[in-house]
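Below is one structure, written out as C-alpha cells; the observations come after it.
The values are calculated or read from the model by the stated rules, or taken from the named source; none is laboratory data. What you are looking at is a predicted structure, and each value in this text was computed from that prediction instead of being measured. Every residue, glycine as well, gets a Cβ built from its backbone with ideal geometry; the counts of neighbours run over all protein chains shown. Keep in mind that these areas ignore ligands, DNA and RNA; they rest on the heavy atoms of the full protein, side chains included. Shrake-Rupley method; radii C 1.70, N 1.55, O 1.52, S 1.80 Å.
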2 protein chains.
Amino acid sequence: MKSRKVSLKDIAHSAGVSTALVSYVLSGKEKEYRVGLDMALKIKAIAKELKYQPNLLAKGLRSGKTYTIGLIIADISNPFFANIAREIEDEAEKNGYTVIIGSSDENAARSWKLMNVLINRQVDGFIIVSAENSEKLVYQLVEIGMPFVLLDRHFPEIQTDFVVTNNAKASYDACRHLIERGYKKIGLIAYKSDLFHMRERIRGYRQALNDNRMGFRANWLKEVYFETIAVEIRQAIDDMVSAESPVDALIFATYGLAINGLKYINELRLKVPDDLGIVSFGQAEVFDLYYCPITFMKQPIELLGKTAVDVLVKKILNPDEEQIQISMDATLVERESSTART
Amino acid sequence: MKSRKVSLKDIAHSAGVSTALVSYVLSGKEKEYRVGLDMALKIKAIAKELKYQPNLLAKGLRSGKTYTIGLIIADISNPFFANIAREIEDEAEKNGYTVIIGSSDENAARSWKLMNVLINRQVDGFIIVSAENSEKLVYQLVEIGMPFVLLDRHFPEIQTDFVVTNNAKASYDACRHLIERGYKKIGLIAYKSDLFHMRERIRGYRQALNDNRMGFRANWLKEVYFETIAVEIRQAIDDMVSAESPVDALIFATYGLAINGLKYINELRLKVPDDLGIVSFGQAEVFDLYYCPITFMKQPIELLGKTAVDVLVKKILNPDEEQIQISMDATLVERESSTART
DNA sequence: CAGATTTGTTTAATCGATTAAGCAATCAGG
DNA sequence: CCTGATTGCTTAATCGATTAAACAAATCTG
C-alpha cells in the first residue's frame, strides 16, 4: 500500500539513464539540452507510467523559488476577507502560485509570528492586510528584500507597494448620500485605531459634513475598541440615540461594526430607516436579507484581490520594478436603509 | 538591503565549527549528542545575533515531514467553511502545523488538481470536505498511504476516518420541531446530489414526516443543482407555494440554499413565519439579523474543526491507528422563524 | 582522412538541513 | 602507565531536484 514516492532517480533507473536527462526532459528543456527524441519520449512514457510527481520541496530548495504566496489577513471568518482570499486564491492559481493564508486577529504579534513561519517556508512574496502597529513587519520585509504588497490598508508614512480602496472618498460618498437623502444628524461608528484606512473613513465623513455645512456633535462620532466591540457598541449607540440631539442616520465603518450595531438596533426596536438611516462598509449576504436591505459601500473585492496578486507577481519577477500604488473607488449600492427623509 | 539568507553553514563558519554541531544545538539535541555547554551557548548566541531562520524546505526535504496540512473545502467564501477553516487553522497551529487551504468549488476535477498540488508540496496529511464524485481522491490517498480525514461529508461505502455531523438526525430534529410547532405541510429544499450528507438530510426529513404520520407530496421535496441554484430555487419555491397543496414551512438543507431561498421569499413578499415557517442548516450572522430571525441547526463547528485536526495529527503520528469515525449532533437553535402555529 | 563541430549523455556540485559513523582527546580505574 | 569509557567534535552521506561542465561518439568540413 505504502508505495514509496517516485523520484527522478527511479525514472532514471528504469530508463537506464542519468537523472540529469530525466530532469531535462520533464522540465521541458529537452531542446535546450538536446536530448534525443526517442529518449525523451521514453522518459516521458515511464514518468507517466510510474505516475511521477515532482517533489516541490526539493525543487524549491534548489531553485530558491516556491511559487507560494503568503497571505496575512485579519480573520478568514470575516466575509470581506474570506471573499478577498478567494479571489486571491483564484488569481494566484492562474499565475501558477499557491496561497498560504494566515489570520492575524488584528494582532501585530500574531502577524509577526505568522510572517516568520511563512518566511521560513520560503514563500516568494506576501500579500498583507496590516494589523495595527505592524509597521515593523513592513520594515522587516523591506530589509530582507522580500517582495510584498499591502492590501486594503497601508501606512502613508512608509513607501511601499499597495492596493487599497479610496476610503476617504468612500466615506465621504456614504455621508453625502445620507445628506442628499435628507438626513440631518449623521453619526459614524468606527474602530478606535491608528490604521490609516480607519482614519480616512473618519476624515471623509467629517469632510462631507463640513462641505455640506451640516452640524456635528462629538457624540455622533464613536470609536470603539475591536477587542470589546460587543459591549462598547451598545454604549456607543445608546449615547448616540439618546443624547439631547440624537442621530437620525448612522454609518458603520466596517462589516463587523454593522453586524454588532444592527443586532443592538434590533434589540432597541429602532426601525430602519424611519428611526435611523443606515449606510455600511463591508459586504455580505446579510445586507440584502436584512428586513430593510442595507445601503453599503461596495468595495471592488474582485479587482482588489486580482490586482494585489498581479502586482505581487510582477514584483517577484522583477524586484526592481518601481513602486506600484493603486487606489480604487468603492461604489455606493443604494438599498432601502437610506430611503429619503420626507 | 538584500542580505542573503543565513544558513547553518554561516553560523558554523562564524563559530568555527561544523554544521553538524550547529544543527544539534539548534534542534535541541545538544544533550543527546553531548555538545559542550559553552559551545552550545556560543552557537545559540551567534544564531540569535545573525537572526538565523531555518529553511523549512530543506528541513522537510531531509526529514520527510513538513508539518503542513492540506485543507480542501468547497469554497472559502462560504461562511460555514470559512468558520471551520478558521478553527482548523487555530487548532493546527497549536499542534505546530500550518494549513494550506484550497477551494474545490464542489468540483471533483478541481479537487483532484488541488490534491496533487498539495501532495507535491509534501503536506503531511489532508482534511477534506469531499465534492461530489470525488471518491477517486479518497482511493488515491489510501493508495499512497497519505493520512487524511474526511470532514462534514463522508462516503459510507468507503472505510475512512471521518468527522461529520449526524445529518439524518439533524434533519429529523428540524422537521420534528416544525411538526411540534404545528406546521402541517413541511417542505425541504436540498441540493441535487449523491453526497451522503445530502441524502441523509433528505432521509431524516422523510423519516420525521413518516414517524409523525404527516402527509407528504412530491412537490414538497425539491432538489436543485448547485450550479444553477439561483434560477432553480425560484422555480422550486414557486412550485411549492403555489401548488394545490402549498407548504406552510420550509427547511433549507444548506446555508447557500437558505440565502437564495430567502431572497426570493422576500421578493414574493411572503411573511416569515406567518406565511411560511423556516428552519435552515448552516449558520451565519444573517440568520440573526433577518427580520424574523431564522431557526437553524447549529453544527458544532468549533468541535468539528478541532476534532478533525486532532484525528489527523494522531493519524500522522501513527498511521496504523485504528479507524476513527466521529459523528456529532447538531443542536436546534430556536428563533422566531418557526414560531408555533396557532 | 585529420581535425572541428555537433549530438547525446554522464558526472558531480549544489540548495540547507539532518544524522550515523568515525576520530581525537581526556579521564577513570587497576 | 595501559586500557576502556566518555566527552566533544568532524566527516560525509542523504533527501530530490537542477544545471554547469565534461566527455564520448557521430557527423561534418575541406
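The residues in the range B:26-46 that are closer than 15 Å to residue B:8 by Cβ, near DNA strand D (Cβ under 9 Å from one of its atoms) and charged (D, E, K, R) can be counted, and the count is 2. Summed over the range B:120-136, the residues that are open to solvent by 10 Å² or more (accessible area, probe 1.4 Å) and either within 13 Å of chain A (Cβ to nearest Cβ) or in contact with a strand residue (DSSP E or B) (Cβ under 8 Å, 6 or more places away or on another chain) (or both) give a count of 4.
Would you confirm whether or not the range B:291-302 contains a residue that is within 14 Å of another protein chain (Cβ to nearest Cβ), in a strand (DSSP E or B), open to solvent by less than 30 Å² (accessible area, probe 1.4 Å) and at pLDDT 95 or above? Can you show your working first?
To start, the set of residues in the range B:291-302 that are within 14 Å of another protein chain (Cβ to nearest Cβ) comprises B:291-294, B:296, B:301-302.
Checking the rest, the ones that are also in a strand (DSSP E or B) come to B:296.
Of the ones still in play, those that are also open to solvent by less than 30 Å² (accessible area, probe 1.4 Å) are B:296.
Among the residues that remain, those that are also at pLDDT 95 or above are: B:296.
Yes.
Is it the case that the range B:163-173 has a residue that's in contact with a strand residue (DSSP E or B) (Cβ under 9 Å, 6 or more places away or on another chain), open to solvent by 60 Å² or more (accessible area, probe 1.4 Å), not in a helix (DSSP H, G or I) and not basic (Lys, Arg)? There is no residue in the range B:163-173 that is in contact with a strand residue (DSSP E or B) (Cβ under 9 Å, 6 or more places away or on another chain), open to solvent by 60 Å² or more (accessible area, probe 1.4 Å), not in a helix (DSSP H, G or I) and not basic (Lys, Arg). Of all residues in the range A:51-94, those that are at the interface with chain B (Cβ under 8 Å from one of its Cβ atoms), under 19 Å from residue A:10 (Cα atoms) and assigned to a helix (DSSP H, G or I) total 3. Within the range A:152-160, identify whether any single residue is open to solvent by 10 Å² or more (accessible area, probe 1.4 Å), more than 30 Å from residue B:113 (Cα to Cα) and free of Cβ contacts under 8 Å to residues at least 24 places away in the same chain, and answer yes or no. Yes, because at least one residue in the range A:152-160 is open to solvent by 10 Å² or more (accessible area, probe 1.4 Å), more than 30 Å from residue B:113 (Cα to Cα) and free of Cβ contacts under 8 Å to residues at least 24 places away in the same chain.
Looking across the range B:113-142, the residues that are in contact with a helix residue (DSSP H, G or I) (Cβ under 6 Å, 6 or more places away or on another chain) and in a helix (DSSP H, G or I) come down to B:115, B:120, B:137. Taking the criterion of being modelled with pLDDT of 95 or more and either of a type in the set (A, V, I, L, M) or within 16 Å of DNA strand C (Cβ to nearest atom) (or both), would at least one residue in the range B:88-95 satisfy it? For the range B:88-95, residues modelled with pLDDT of 95 or more and either of a type in the set (A, V, I, L, M) or within 16 Å of DNA strand C (Cβ to nearest atom) (or both): present. For the range A:239-277, residues that are assigned to a helix (DSSP H, G or I) and within 23 Å of residue A:167 (Cβ to Cβ) total 9. Filtering the range A:58-85 down to residues that are closer than 23 Å to residue A:315 by Cα and open to solvent by 40 Å² or more (accessible area, probe 1.4 Å), which residue is farthest from DNA strand D (Cβ to nearest atom)? Only one residue fits best here, namely A:67.
Return a yes/no flag: does the range A:143-156 have any residue that is of a type outside the set (Asp, Glu), touching a strand residue (DSSP E or B) at 6+ places or on another chain (Cβ under 7 Å) and part of a helix (DSSP H, G or I).
Within the range A:143-156, the first condition is being of a type outside the set (Asp, Glu), and the residues that meet it are A:144-151, A:153-156.
From the residues that got through so far, the ones that are touching a strand residue (DSSP E or B) at 6+ places or on another chain (Cβ under 7 Å) too are A:146-151, A:153-154.
Still in the list and also part of a helix (DSSP H, G or I): none.
No, that holds for no residue.
Selection of the range B:26-52 for residues being more than 9 Å from DNA strand C (Cβ to nearest atom) and under 44 Å from the mean Cα position of the chain (by Cα) yields B:28, B:30, B:31, B:43, B:44, B:45, B:46, B:47, B:48, B:49, B:50, B:51.
Going by the conditions given, is residue B:174 without any contact (Cβ under 8 Å) to a residue 40 or more places away in the chain, within 22 Å of residue B:81 (Cβ to Cβ) and out of contact with any His (no Cβ under 7 Å at 6 or more places or on another chain)?
Numbers: without any contact (Cβ under 8 Å) to a residue 40 or more places away in the chain: no; within 22 Å of residue B:81 (Cβ to Cβ): yes; out of contact with any His (no Cβ under 7 Å at 6 or more places or on another chain): yes.
In short, no.
Residues in the range A:183-199 include none that are acidic (Asp, Glu), buried (at least 19 other Cβ atoms within 10 Å of the Cβ) and assigned to a loop (DSSP other than H, G, I, E, B). Look at (1) in contact (Cβ under 8 Å) with a residue 24 or more places away in the chain; (2) open to solvent by less than 70 Å² (accessible area, probe 1.4 Å); (3) not basic (Lys, Arg) and you find that residue B:12 fails only one, number (1).
For the range A:102-119, taking the residues that are polar (S, T, N, Q) and within 7 Å of another protein chain (Cβ to nearest Cβ), the one that is surrounded by the most Cβ atoms within 10 Å (Cβ to Cβ) is identified as A:103. Restricting attention to the range B:105-130, the residues that are out of contact with any Phe, Trp or Tyr (no Cβ under 9 Å at 6 or more places or on another chain) and within 14 Å of residue B:195 (Cβ to Cβ) total 3.
Of all the residues in the range A:246-287, those that are free of Cβ contacts under 8 Å to residues at least 40 places away in the same chain, surrounded by fewer than 19 Cβ atoms within 10 Å (Cβ to Cβ) and on the phi < 0 side of the Ramachandran plot number 9.
With away from DNA strand D (no atom under 11 Å from the Cβ), touching a Leu at 6+ places or on another chain (Cβ under 8 Å) and more than 9 Å from chain A (Cβ to nearest Cβ) as the only criterion, which of B:99, B:6 stands out?
None of the others qualify; the one that does is B:6.
On inspection, residue A:55 passes the criterion of being within 16 Å of DNA strand C (Cβ to nearest atom) and open to solvent by 10 Å² or more (accessible area, probe 1.4 Å). Assess whether residue B:323 counts as being in a loop (DSSP other than H, G, I, E, B), more than 12 Å from every other protein chain (Cβ to nearest Cβ), touching a residue at least 24 places away in the same chain (Cβ under 8 Å) and open to solvent by 20 Å² or more (accessible area, probe 1.4 Å). Yes; evaluated as a whole, the condition is true for this residue.
Restricting the first member to the range A:21-50 and to residues that are within 14 Å of chain B (Cβ to nearest Cβ) and part of a loop (DSSP other than H, G, I, E, B), and the second to residues that are at pLDDT 90 or above and near DNA strand D (Cβ under 9 Å from one of its atoms), the beta-carbon pairs closer than 6 Å and six or more apart or on different chains are A:50/A:6.
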